Amino acid sequence: MENLLTGLEMTQQEALDLIALGKDLKANPTKYAQALAGKSVVTLFEKQSLRTRVTFDIGIHKLGGHAVYLDQANGEMGQREDVKDFAANISRWADCIVARVYDHKTILEMNKYSSVPVINSLCDLYHPCQAMADFMTLSQNYDDVSQVKLAYIGDGNNVTHSLFIAGAILGATVTAVCPIGHSPDAQILKKAEALAAKSGATITVTNNIEDIKGYDVVYGDTWLSMGDDTPLEQIKEKFMPYQINQELLDATGIQHILHCQPAHRGLDITSDVMDGPASLIFDQAENRMHIQNAIMLTLMKGK
Ligand code: CP
Ligand code: NVA
């Protein structure tokens, strides 16, 4: 595993190793206090962020490394200078590039011209760091993540795709329950299904909430992703039946809730359940830091 661009780079063993390392980093922080000493990581963001920006910055600091943050003031990649030159320059100074971009092609271009590992910290199609933090969180609550039945509910988006890929690699059951017209990308679904055929995972898409009765975990995200300018009023009525609320937990028997955040209380999730006993949402946000540290250590090892 040289980079983390889509999640498809990981073997099952590599995914399990990342989760194990993430848990060890969380449990034994002093052991890793100098693990990135002398290393610099450029974290660049075309889009807004709270969790990703802060967890990479603080996470790198906790490993004794140095983070250089490039914000949205640099504008969309490729405008001031070619992505190719951006990647070639940064590679001469930094040991790793973490990038949040609008278009997945930008990540691919960056990776092509980078001589250091590239980590996708969200694009239009994938959010692999998120999905790995999510499965790390599940592995803290369930003995065997391959036995977990996870229902993603809402818009079929970058987070859905990464949950499909990580779930398929790890052998889990992941069902996306999406309103009609908001299903995940068909090609990414196919790739996840192909992986699932090997691992024993089950990857499905449905519009029907009845299909997730008896599942363990429900997972939510914003109904409108960054870069989608659709007015909320235009989709609200269609998405309200897909809200995570007590009624949904009662109807399905689901025990745990995940949400990548930002959450929109009263829309994609109600406050009572977000703050209630079923919620693992803030553990999940904390785990972003630990799994990302595991990813960086793994990709920079021996370099
Ligand atoms: N979940 C997540 O990536 O949050 P941010 O957009 O705040 O980084
Ligand atoms: N699907 C959301 C995830 C935010 C972390 C978005 O892309 O905006």
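What follows draws every value from the coordinates through simple rules; no lab data is involved. Because the structure is a prediction, the values reported are computed rather than measured.
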- Item | Whether the range 178-251 is rounded, prolate or oblate, judged on the alpha carbon gyration tensor where a/c under 1.5 counts as rounded | oblate
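Would you work out if the range 23-167 is rounded, prolate or oblate? Take a ≥ b ≥ c from the square roots of the eigenvalues of the alpha-carbon gyration tensor; rounded if a/c is under 1.5, else prolate when a/b is larger than b/c, oblate otherwise.
On the way: a/c = 2.27, a/b = 1.25, b/c = 1.81.
The shape class here is oblate.
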- Nearest 10 degrees, 0 to 90: what angle lies between the long axis of helix 51-62 and the longest principal axis of the chain (Cα atoms)? 50
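Could you give the C-alpha radius of gyration of the range 138-209 expressed as a fraction of 2.2 N^0.38 Å, taking N as the number of residues it contains?
Details: Rg = 11.4 Å, N = 72, 2.2 N^0.38 = 11.2 Å.
After normalising by residue count via 2.2 N^0.38 Å, the value is 1.02.
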- Setting aside same-chain residues fewer than 8 positions from Lys23, which lysines have a Cα under 19 Å from its Cα? Lys31, Lys62, Lys301
- Message: Just to confirm the number: angle between the C-alpha axis of helix 83-93 and the first principal axis of the chain, 0 to 90 degrees, nearest 10?
- Response: 60
- Message: How many angstrom lie between the Cα centre of the range 167-187 and the Cα centre of the range 86-118?
- Response: 28
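Is it possible to state the helix-based mean residue ellipticity at 222 nm for the chain, with each DSSP H run of 4+ residues giving -39500 (n - 2.57), the sum divided by total residues, to the nearest 500 deg cm²/dmol? What is it? The partial results should precede the final answer.
On the way: 11 runs with 128 residues, N = 303.
Calculated mean residue ellipticity at 222 nm is -13000 deg cm²/dmol.
Quick one: plug the Kirkwood hydrodynamic radius of the range 154-298 (C-alpha pairs) into Stokes-Einstein at 25 °C, 0.890 mPa s, and report D in µm²/s. Provide the component values of the computation, followed by the final result.
Numbers: Rh = 15.9 Å.
D, rounded to a whole number, is 154 µm²/s.
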- Item | Extension reserve of the Ser271-Lys190 stretch, reckoned as 0.36 nm per residue once the Cα distance is removed | 25.7 nm
- Task: May I ask you to work out the translational diffusion coefficient for the range 110-171 at 10 °C, viscosity 1.306 mPa s, via Stokes-Einstein with Rh from the Kirkwood sum over Cα pairs, reported in whole µm²/s?
- Result: 124
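With 30 Å as the limit, write out which pairs from Lys149/Lys236; Lys26/Lys213; Lys39/Lys84; Lys47/Lys213; Lys198/Lys238; Lys39/Lys149 have Cα-Cα distances beyond it, or answer none.
On the way: Lys149/Lys236 27 Å; Lys26/Lys213 33 Å; Lys39/Lys84 22 Å; Lys47/Lys213 36 Å; Lys198/Lys238 35 Å; Lys39/Lys149 39 Å.
Checking Cα-Cα distances, Lys26/Lys213; Lys47/Lys213; Lys198/Lys238; Lys39/Lys149 exceed 30 Å.
Test of understanding: express the Cα radius of gyration of the chain as a ratio to 2.2 N^0.38 Å, with N the residue count.
Details: Rg = 18.6 Å, N = 303, 2.2 N^0.38 = 19.3 Å.
For the chain, the normalised Cα radius of gyration is 0.96.
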- So what's the angle, to the nearest 10 degrees on a 0 to 90 scale, between helix 186-199 and the longest Cα principal axis of the chain? 90
